[in-house]
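Student: Got a structure here, written out as structure tokens. Questions coming.
Just so it is clear, none of the values below were taken in a lab; they were calculated from the coordinates. These numbers were taken from a predicted model, which means no experiment stands behind them.
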Amino acid sequence: MNTVNQKKKTMGRKKIEIKKVEKETNKQVTFSKRRSGIFKKACELCLLSDVNLAIIVFSPADKLFCCGRPNTDAILNSYIKGTTEFEDQKSTGDSMISEQYNREYEEALKMLEMEKKKLADVENLARDWNRVGWWNDSIDDMSSEQLEQFMMSIFELRKKLAEKEHERLMMFSR
């Protein structure tokens, strides 16, 4: 059986039935994924519609998560007082700090996804190399064509490693 050309088949995106998740670990995973999604949508709504909002969520582990614009405290204080006075709080820069945190969070998520992709690429490369077993072959037994291909592979690997290192240095120098 040739496993080199087989790709992992995924289930893709499917419509799921909305019901309570029973397993605790699944609850936590579902909460984590959906929390970031709802916070992202809330931030988009604030920016697009110029509205103020606050979201307060408790995780299955009873941890508190908040998201708000201009900030959660300002929204709650306004609600308790029965007013819509946000101008004073906006001038303090709380809104800008909240938006900065949201931007940093989004950047961190993007970096995490990039790192996950890099890890998958390295794992795929290692898996491919393990299948081929090129390091076990003696270069004395290689033909000139195989030696040339081997050297080209080494140079290509060196080039890719240099590019990846340059990307890492650029990412950390920001």
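Student: Using θ = phi - 60° and the Karplus relation 6.51 cos²θ - 1.76 cosθ + 1.60, list the HN-Hα couplings for segment 141-153 in order, rounded to whole Hz, with x at every Gly or Pro.
Tutor: Listing the rounded values in order: 8, 7, 6, 5, 5, 5, 4, 4, 5, 4, 5, 4, 5 Hz.
Student: Please compare each pair in K116/K164; K27/K63; K23/K110; K40/K110; K41/K116 to a cut-off of 19 Å on the Cα-Cα distance and tell me which ones are over it.
Tutor: Values: K116/K164 14 Å; K27/K63 13 Å; K23/K110 29 Å; K40/K110 13 Å; K41/K116 23 Å.
Pairs exceeding 19 Å: K23/K110; K41/K116.
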